[in-house]
Each structure stands twice: as C-alpha cells, then as structure tokens.
1. Would a scan of segment 93-103 turn up a residue that is part of a helix (DSSP H, G or I), of a type outside the set (D, E) and touching a Pro at 6+ places or on another chain (Cβ under 9 Å)?
2. Mind telling me which of the residues A258, A241, A226 ends up being over 18 Å from A194 (Cα atoms) and surrounded by 16 or more Cβ atoms within 10 Å (Cβ to Cβ)?
3. Report, by residue number, each residue of segment 179-190 that is part of a loop (DSSP other than H, G, I, E, B) and either outside the structural domain of A233 (by TED's automatic domain parsing) or over 19 Å from L236 (Cβ atoms) (or both).
4. I'm trying to understand the selection: among the residues of segment 61-90, which are surrounded by 18 or more Cβ atoms within 10 Å (Cβ to Cβ), in contact with a helix residue (DSSP H, G or I) (Cβ under 6 Å, 6 or more places away or on another chain) and either modelled with pLDDT of 90 or more or hydrophobic (A, V, I, L, M, F, W, C) (or both)?
5. Mind checking which residues of segment 108-142 are charged (D, E, K, R) and either on the phi > 0 side of the Ramachandran plot or not in a loop (DSSP other than H, G, I, E, B) (or both)?
6. How many of the residues in segment 164-178 are exposed (fewer than 15 other Cβ atoms within 10 Å of the Cβ) and either part of a helix (DSSP H, G or I) or not assigned by TED's automatic domain parsing to the domain that holds F227 (or both)?
7. What are the residues in segment 94-105 that are without any contact (Cβ under 8 Å) to a residue 60 or more places away in the chain and either in contact with a Lys or Arg (Cβ under 6 Å, 6 or more places away or on another chain) or within 11 Å of L279 (Cα to Cα) (or both), if any?
8. Can you name the residue in segment 26-52 that is β-branched (V, I, T) and within 30 Å of R93 (Cβ to Cβ) and, of all such residues, is surrounded by the fewest Cβ atoms within 10 Å (Cβ to Cβ)?
Amino acid sequence: MQIELIETYLDLMETRSFNRTAERLNLTQSTISHRIKALETALTRRLFTRNKGGTVPTSAGLRFLDHARALQRQWHEAARAVESAGAYEHAMRIGVQQDVAERLAGPWLAAIRADLPATSIYMEVDYSGQMNRDLASGDLDLAILYTPHHLPDLHYERIGEMTYVLVSTLSALAVDLRVETYIYANYSPAFDRAQRLALPQFVGAPLASGQNIAIAGLLRSLGGAAFVSKPTADDLVESGAARIVADVMPIAQTVYAATGIRTRHAPQHRRIISAMADLLNR
C-alpha cells in the first residue's frame with residue numbers, strides 16, 4: 001500500500017473537504033478522489049461519504065484512523081532508518097522543550113554521545129504541542145516535553161521537574177508589583193493554572209511569553225516582574241539585575257518523556273531518557 005494513500009486519507013480526515021485537501025497537498029481534486037478510491041478498494045470498504053453537508057467519514061473510515069496513524073509513523077521510522085544507514089548502527093530524532101534545552105541540551109547530548117557512540121542524533125527544540133504531533137506522525141522518535149496529549153500509541157512518563165521562580169527588577173515584595181509591568185509567563189497549561197492561582201491579579205497582563213530566555217531578555221531591557229527558571233533567577237540576582245520575590249512560592253513544572261508504545265522499552269530510548277532524568281534530578 002502506498003504511503004501517499006495513507007497520508008491523503010489522514011489529511012482528508014482533518015479537512016473533511018476534498019477541495020481543501022487538494023489545496024493543502026498541492027494536487028488536483030481528481031487525484032485526491034483517485035487516491036481515496038484506491039484505498040477504499042484495497043480495504044474493500046467505503047471510508048467517506050459526500051453530501052450537501054460536506055465529506056463525512058463512515059464507520060469504517062473512523063475505525064481506520066488509529067491504524068493509519070500507526071502506518072504513517074512506521075513508514076517514517078523505516079524511511080529514516082534506511083536513509084541514515086552508514087557509519088552509525090542507529091539513528092534517533094529527538095525533541096526537547098525549549099526551556100529544558102536552554103539549560104540541559106549540552107550536557108544531555110554529551111552524555112548521550114558518550115553512552116551511545118554508534119547512534120546518530122538529530123535534536124529539535126520546540127513546544128509540546130508540535131512535538132506531540134511529530135511523535136504521532138513518526139517524525140520524532142522521542143521527546144522531552146511539558147504537556148502530554150495522550151495520543152494513541154504514545155507513552156508518557158514523568159522524569160523530573162523544572163522550577164520557576166518569581167523575580168522582579170522593582171521590588172522583592174509581591175504587594176509592590178503592578179500588572180502594567182508584569183510579564184506573564186505561559187510555559188504550559190499546567191503552569192498557567194498554577195500562576196493564576198498564585199497571582200490572579202496579573203491575569204491579562206499586557207506582555208506575555210512562553211519562553212524563559214525571551215522573558216529574561218525582556219526583564220533586562222524593560223524591567224518588571226516574571227517567573228523565570230531557577231538557574232536564570234540565580235543569574236539575574238547574581239548580576240544585580242533582579243531580586244527574588246520571596247513571599248511568592250516557586251512553581252514546579254513537571255517534565256515528561258514521550259515515546260511510541262512499541263519503543264518505550266527499547267535500550268537506546270531508555271538510556272537517552274535516563275540521561276535526561278539524571279540531569280533534571282541533580
């Protein structure tokens with residue numbers, strides 16, 4: 001079965017429109033129709049019906065969805081394995097949350113290279129949402145992230161946490177902080193909930209970011225107050241650029257490792273995850 005048929009089906013499940021899928025894949029509508037027909041012939045079942053309301057998946061079309069995602073992921077894994085065949089026995093594509101990478105990418109990759117010298121590594125730095133999608137499609141083998149989406153065929157495990165501390169360039173007391181100079185940190189939905197509970201008066205602050213390094217830069221250039229990672233808070237305090245707001249508790253952000261269900265016990269996956277867990281829990 002051609003992978004193009006699977007990927008056309010998956011796109012049509014998203015768009016529910018032959019026209020829209022044709023536009024997204026840069027193909028003609030007749031090509032999309034031929035591909036879906038070929039897939040339906042191979043499966044001996046209709047996958048979609050078309051009516052005035054649009055394109056609707058049949059019960060067979062809905063049942064095929066998880067299997068199609070798994071086939072797509074396995075194809076991408078196989079294609080990468082063949083493409084990268086050469087001096088290295090294994091190839092891994094790993095994703096890592098931006099703030100975790102900022103602090104730990106160097107020592108993590110050093111540990112991986114020392115432990116797995118026969119494995120080639122490609123690392124992407126991204127947000128959780130995109131990494132979850134890339135894992136589901138097979139574009140990543142493993143990810144270190146903040147927010148699990150619990151998608152089919154993916155496995156998540158808690159491996160540690162990152163601590164964020166409230167700092168201010170203006171005052172060390174929360175009562176003196178003002179919403180107009182507060183930089184709202186949105187590192188994850190879980191972090192957002194904890195921040196809203198701790199400082200509800202700053203919801204709707206005029207400036208916000210989801211990246212620690214960007215917020216640290218804003219504090220240095222504009223001043224104000226914000227939650228930053230513990231190492232960044234220590235650097236800001238040591239340089240005299242900010243003070244820790246001592247009467248507001250730090251917020252702990254859980255860090256997860258995500259892999260495919262089939263590969264969660266693979267030796268190289270376990271060793272890569274363990275290397276990150278060791279760094280997070282020092």
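1. Start the filter on segment 93-103 by keeping residues that are part of a helix (DSSP H, G or I), which leaves 98-103.
Remaining after also requiring of a type outside the set (D, E): 98, 100-101, 103.
Filter again for touching a Pro at 6+ places or on another chain (Cβ under 9 Å), leaving 103.
So far as segment 93-103 goes, yes, one or more of its residues are part of a helix (DSSP H, G or I), of a type outside the set (D, E) and touching a Pro at 6+ places or on another chain (Cβ under 9 Å).
2. A258
3. Within segment 179-190, N186, S188 qualify.
4. Result: A68, L71.
5. We begin by selecting, within segment 108-142, every residue charged (D, E, K, R); these are 113, 115, 124, 126, 133-134, 139, 141.
R113, D115, E124, D126, R133, D134 - these are the residues of segment 108-142 that are charged (D, E, K, R) and either on the phi > 0 side of the Ramachandran plot or not in a loop (DSSP other than H, G, I, E, B) (or both).
6. So the count comes out to 2.
7. A105 - this is the single residue of segment 94-105 that is without any contact (Cβ under 8 Å) to a residue 60 or more places away in the chain and either in contact with a Lys or Arg (Cβ under 6 Å, 6 or more places away or on another chain) or within 11 Å of L279 (Cα to Cα) (or both).
8. Quick first cut of segment 26-52, residues β-branched (V, I, T) only: 28, 31-32, 36, 41, 44, 49.
Checking the rest, the ones that are also within 30 Å of R93 (Cβ to Cβ) come to 31-32, 36.
On the way: T31: 16, I32: 24, I36: 21.
Out of the qualifying residues, it is T31.
The values are calculated or read from the model by the stated rules, or taken from the named source; none is laboratory data. Just so we're clear, the structure is a prediction, and the values are computed from it rather than from any experiment. Using ideal geometry, Cβ is built from the backbone for each residue, glycine included, and neighbour counts are taken over all protein chains shown.
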